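The numbers here are math on the coordinates, done by the rules we state, and not lab data. Note that the structure is a prediction, hence the values are computed from the model and not measured. Note that each Cβ is placed from the backbone with ideal geometry, even for glycine, and that neighbours are counted across all protein chains shown.
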């Protein structure tokens, strides 16, 4: 019988594994013990395959959440571990990856758009519409004022240098592509990501 | 990556993580993989156990990687080129190179123009006024047909190998030791270990990271090692390669997609002012082969560019408007990099700045300058899952962030985004694998995805331009946006855009229908330059085909367990796992190492465990070189005009250094590095700041994120610096004692970790002390409040990439008392 390590965890966790445990060389004592163990709590969770958000080793991870993805159920991530089937990390995670659950649920996760007005010393919660309308207005005003359609020699250059952007190199490639399209269509050239540092 | 592309043709890690296990020698230099990439580093241990490989570490600190090494040699920060040039000298002198490989696969035998030379620290063509070179002499001598002249006997005095031999002659073991502080006997042992991998069946892999890039000569650090790997025949083979261990989870992807000032997707260059028309842009990008019959794959450049423009602008990009070439912004400078951006901010030349998952107040050099720059903006937009220091730069939190909010007129938006676990999408890992991931839950509260936010800004801007008009709105109004939900495009739709599709029915060369309109492409070989195909990132073509999402593949089968796993996810280009794998075989097509072949010629075609990085039926007798992106088809020991400071690497001191440049005192630091006057005024002298500092990362933390995660904040709760025992004794600093660390730019007060891991080095007969400055703290999150290492670092970058010199600068350190709580 061939079992992946993850499959092994599942099978034993579900308490269905007497025969497969036997096949793996476990004696009767262990079989009895395994049967007595309360079914593994993750067997009730939804498993989602993901990639560790930190470094470029890109370890495979399994994210476990409660909630069955029904329309009116909100999923809650309860556990993250290494993906044993992943050919690079083979289930292992480092001190950062092992603590991924704590970054997902960090108390300093942002939960609402906030705005700090000039000269003030606090953030105030605002609506998305307020934030995005105001940002679009500020971007357009600056672009209209400082866009360089032609350089001193009269050559068409269509660049905008007075507003810049740093893109996120932990965001997905799909986010990156969409971001590139928007930034470049505006003529933005002050534009970088963490690869610069 | 600005050194691998000029050397090999592509700027990316060459091999896979698992392939490290095939090495005979693993060299870790300019990195600390055991701490920074622990789960990748496991393959080094595998190499040691399964392949009896040796691990060699060269580093200023005795790191955790060094702790499991077979051999460790110390080095002064910022002197790697001297060290590695000494190794090149040794290999050439002892004739410990892989001759047949070097002769057939590198430009060793190509003849360089007569005008090229090097004298007193400068190559031909230097202009002190502009701090740049006229590089016209940095090239080959061409024959009447425009091909490079070659002397395969290597007798010609100006063939590359002889110029290289002359160039490195100065780097004797005595000189290396004098510059680097590495004891001569240790250096020579390193040389011997390197030399042992010259036989065709022996491989050395090199693992490096920011320890090489973050210098004013960063790109040349890497190039020097890349040249060594060519001389030893270690590129393209199992267990070999130049393995750039990249940082963030998708830093490779963002580089691939060109989210850099001067880049477009797929390593196409953003045009410059001097290229006002498409034809003028293409003129320098014809990539005519420099030797007969070479692939020179960038001859297809126009197909990649036209397909990109069709993907971005759809029907609005036409042959008549030169595929909307005018709509692309043109650069009047080499690039608007981050150091320039903050210089412009400080000069009042910028209005707004958007930080998407980026924390420049902690991550950029000279925090004081960063804070001042942000204070001069009219508006700052921060999109992040976390409460970053940058979004609170205006807040007065005491010495860690002194500010007067009433005097700062910047409007600041803090926009909550979802994180990795709350989205679908792909990430490109260090070894170029595009791996798909799935959403497990919604984000907290009102958090939204970056895609939703960028789309929201885009639609609002487009509506405003439609209503009010304004500065050149055409590109914005015509931006292709064919998504099912325009307000929140599905990542799968965006992935298909990058993969590319046929726009009309396309017939093959024989006239038979090959592609129907709308069909997803199988790969970049199907791209065309007549506007009938679209692809948003040509190198990703093949990642999402009619067979489905190739990035989501999960078959971990690994032929011969050689570390390829060809059906797990998808790798660019064309699912090739080992770049330049043609070079794993000899010119006749037999594997150099019969125990670990990658591809071999079977008489009709190339077969093996990886997709050939080569024409699949190109015969060995055709003499096509293995470096198919290079116009010569060869790996470059001589980089032509592709590097800012020279076609050969040269040792230049860091901009803040305790030492003169003993090779050429008049040219101390990188002569081609750009230095702004105000930044230069902020360089300290060794009289005031006598110790060399180097910043680094701890295994418990990732940049400035994990201080927000409870467990990591507990594991490494507070800012500290690492000081050697000798210096601590000299200065009266106790273990755990408080110290004041200062540079010309700022002060950090923290506790000292007195260590045996850093020992004084004898540099030019003077004892030189190095101080380690881990960088993870700030004033938000759950760890204790800290300043951040970049309070101290200098604002100067590499001449090619402008990556800041975080790894070698000057500080002073004095004992002090604990701050009042």
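Some values worked out for this structure:
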item	result
Mean separation of Cα contacts under 8 Å, 6 or more apart, over the residue count of segment B:1-72: relative contact order %	29
Shape category assigned to segment B:758-798 from the gyration tensor of Cα positions, a/c cut at 1.5	oblate
Normalised alpha carbon radius of gyration of segment B:415-544 [divisor 2.2 N^0.38 Å]	1.28
Convex hull of Cα atoms in segment B:448-517, direction-averaged projection (nm²)	6.6
Cα convex hull volume per residue for chain B (Å³)	168
Stokes-Einstein D in µm²/s, Kirkwood radius over Cα pairs - segment B:4-247 at 4 °C with 1.567 mPa s viscosity	70
Histogram of C-alpha separations across segment B:597-726, 10 Å bin width, %	9, 19, 17, 21, 21, 11, 2
Neighbouring partner chain Cβ atoms per residue of B:531-540, average, 10 Å criterion	1
Share, in percent, of DSSP beta bridges within the protein assembly as shown that are antiparallel, nearest 5	60
Prolate/oblate/rounded label for segment A:45-109 (Cα gyration tensor, a/c 1.5)	oblate
Relative contact order of segment A:94-197, pairs being alpha-carbon contacts under 8 Å that are 6 or more residues apart, as %	17
Segment B:520-653: projected area of the alpha-carbon convex hull, averaged over directions, in nm²	12.0
Normalised contact order of segment A:147-197, rounded percent, pairs of Cα under 8 Å and 6 or more residues apart	41
Alpha carbon Rg of the protein assembly as shown, scaled by the compact-globule rule 2.2 N^0.38 Å	0.91
Residues of segment B:328-366 with amide N under 20 Å of the 7 Å Cα→Cβ point at residue B:273	B:328-345, B:347-351
Tensor-based shape of segment B:649-761 (alpha-carbon gyration tensor, a/c under 1.5 rounded, otherwise prolate or oblate)	prolate
Added length on full extension, which subtracts the Cα-Cα distance from 0.36 nm per residue, residue B:560 to residue B:49	182.2 nm
Distance in nm between pseudo-label sites at residue B:283 and residue A:155 (7 Å out along the Cβ direction from Cα)	1.0
Over the protein assembly as shown: helical MRE at 222 nm, DSSP H runs n ≥ 4 each giving -39500 (n - 2.57), nearest 500	-7000 deg cm²/dmol
Residue exposure sequence - B:128, A:47 - by fewest surrounding Cβ within 10 Å	B:128, A:47
By average C-beta atoms within 10 angstrom, highest first, the peptides B:147-160, B:702-715, B:12-25	B:12-25, B:702-715, B:147-160
Compactness of segment B:1-57 - radius of gyration and Dmax, Cα, Å	12.3, 35
Average projected area [Cα convex hull, segment B:250-333], square nanometres	6.6
Cα-based equivalent ellipsoid, segment A:147-197: semi-axes from gyration tensor eigenvalues, Å	25, 12, 7
Label-to-label distance, nm, for residues given as residue A:98 and residue B:756 (7 Å Cα→Cβ offset)	2.5
